[in-house]
Structures are given as C-alpha cells and as structure tokens.
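A quick write-up on the structure given underneath.
The values are calculated or read from the model by the stated rules, or taken from the named source; none is laboratory data. These numbers were taken from a predicted model, which means no experiment stands behind them. Don't worry about glycine lacking a Cβ; one is built from the backbone with ideal geometry, like all the others, and counts go over all protein chains shown. Heavy atoms of the whole protein, side chains included, go into the accessibility calculation; ligands, DNA and RNA do not. Shrake-Rupley method; radii C 1.70, N 1.55, O 1.52, S 1.80 Å.
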Amino acid sequence: FGEDGTLQGLLELADIRYVGSGVLASAASMDKHYMKVLLDGAGLPVGPYIVVRPRDWERHPDRVREDVEELGYPVFVKPARAGSSIGITKVSSAEDLDAAIEAAREHDPKVIIEAMITGREIECAVLESADGGAPATSLPGEIRVVGGHEFYDFEAKYLDEASVQLTCPADLPDHVVRQVRDLAGRAFEAMGCEGLARVDFFVTPDETVMVNEINTMPGFTPFSMYPRMWEQTGLSYPDLIDRLLTLAMRRRIGLR
C-alpha cells in the first residue's frame, strides 16, 4: 500500500510532508481502470480494454467472454490494482481466458483485460517543476525483453536480469521523442500527480505513441530506469533526490 493513496492518507492525517503524489492521484494511478478513464478524458491515447468487476464474472461470465472476443486475442489479463506485473497473464486463446481471470482475481477482485499492442516499450520520467510551471520530462528509455519471457513479467523484472535490456536514451526519431515527452507531461498533469512519476508507453511500428500506464512511485535504486533517465538528461542521482525532498518540504499540508 505504499503508492495507492493509503499511506499518503495516513501522512496527510498526521500533517507529515512526503515525497510524491497525494491521495487521489496515487489511488487513481494505481487503479488501471480509473487511470485509463482519466487519461482518455484528457484526450491522451490509451489502448482498448474492458473491466471485469466481481459481479460481472460471477453472474455473467459468458458476457465477459464475448466482450474479450470483441477485443480480439491475444489479450493481457491483469489485476486492476496491483503492481510489479503480479498476477498478469498473456492469453492467446479463449481456452485459457477463465484461468487467467481467476489468477488475476487472486490479487484483486476487479480485473482489467487489455488488447495486446505490438510495439516497443518506452518509458519517460517526469518531475514536478520547482517554480510551479509545466513538469519537466526526461529523455525516454527503452525496455527490451530478450530472454524466454513473453512479456516484461515479474520474473523478468526482478529475478532474471539477463533477460532484460534497458537502453537510455532510447533510439527513437526526434519527433517521436518530442511526442513521448509531451504526452508524459500531459499524463502527469491529467492525473494530478506531484513530485515524480514514470509514464510507460508503447510505440508501434508506424510510430503511433500510446500511453500504457503511469507509475507514481517508480523504482529508485541508482540503476532503476527513473534515475537513469534523469542522469542521461543531465540531473544526477543526488541532485534528483535533493529536488524531490525540496519539493516535498515546500508543499503545503492539506488541500492544495
């Protein structure tokens, strides 16, 4: 519960300043359903998806299966409010759908099912402006899964480092870099984020850029993508931490 608004609410009640987004932005960004609703409402490009609530699956499973058929296989079945790729299954045929939904429901009663988007996985770091202006964005980075994983799953992220290549800055045309950075800043503001966020994208072969998700508390070791992207953009790890702490200390307690 470190980034879903729960801890942030506790700190707000205790009048303690903290780094990063507040209650609403944290909660909405963790919930992939409402994240997509807010991003789409702000005119940002998101992929096709359906939401499967407990009553949908328990009372009308055939309707859910029909909706997935309309999305078209393959799809990704995910817990709506989990992180680190936990409980995610890539499903290539209807025969495997039920088991994937049940696996996701072990982590969250609400499930989101997304149409697969073929493209490169690109990330961009966002940092709140110190002067109240538009948020700053980093040069994008790219994740490539090169081992025996179908996608960037939990094992690839944390247990099998050799299966993943992280490239920063990503080798993209200048106009795509500009689009990624623009959309990252817009996503940050659409979700009402504060402090920091990492926005993840798909860039398709025809150079269409689509927002995959926003992470309000990204990995932050010196080797994680968020600080690495800032390092390549000219902001060192110590200076980045100093900037985040300064932003947190300047921020007023309560509504803002």
Legend entry - Exposed-loop-free span, longest in the chain, where GluC sites (Glu not before Pro) count as exposed if DSSP calls them loop and at most 13 other C-beta atoms lie within 10 Å: 1-105
Inset, instruction - Just give me a number: lysine pairs in the chain, eight or more positions apart or cross-chain, with C-alpha atoms less than 14 Å apart. - result: 5
Inset, instruction - Please give the per residue accessible area of the chain, computed with a probe of 1.4 Å over protein heavy atoms only, in Å². - result: 50 Å²
Inset, instruction - Could you point to the residue in G254, V64, A104 farthest towards the positive end of the chain's charge dipole, with +1 and -1 charges on the Cβ of Lys/Arg and Asp/Glu respectively? - result: G254
Inset, instruction - Find, to one decimal place in angstroms, the Kirkwood hydrodynamic radius of region 21-62, where the mean of 1/r is taken over every pair of different Cα atoms and then inverted. - result: 11.8 Å
Legend entry - Length released on extending from I16 to Q165, taking residue separation times 0.36 nm less the Cα-Cα span: 49.8 nm
Legend entry - Gaussian network model of the chain, Cα within-10 Å springs - most flexible of H107, H60, H33: H60
Inset, instruction - State the percentage of accessible surface on the chain attributable to carbon and sulfur atoms; use a 1.4 Å probe and exclude ligands, DNA and RNA. - result: 51 percent
Legend entry - Dimensionless Rg over Rh [the chain; C-alpha; Kirkwood]: 0.97
Inset, instruction - May I ask for the angle, rounded to the nearest 10°, between helix 237-250 and the longest principal axis of the chain, with both axes built from Cα atoms and the value confined to 0 to 90°? - result: 80 degrees
Legend entry - Projected area averaged over orientations for region 1-49, convex hull of C-alpha atoms, nm²: 3.8 nm²
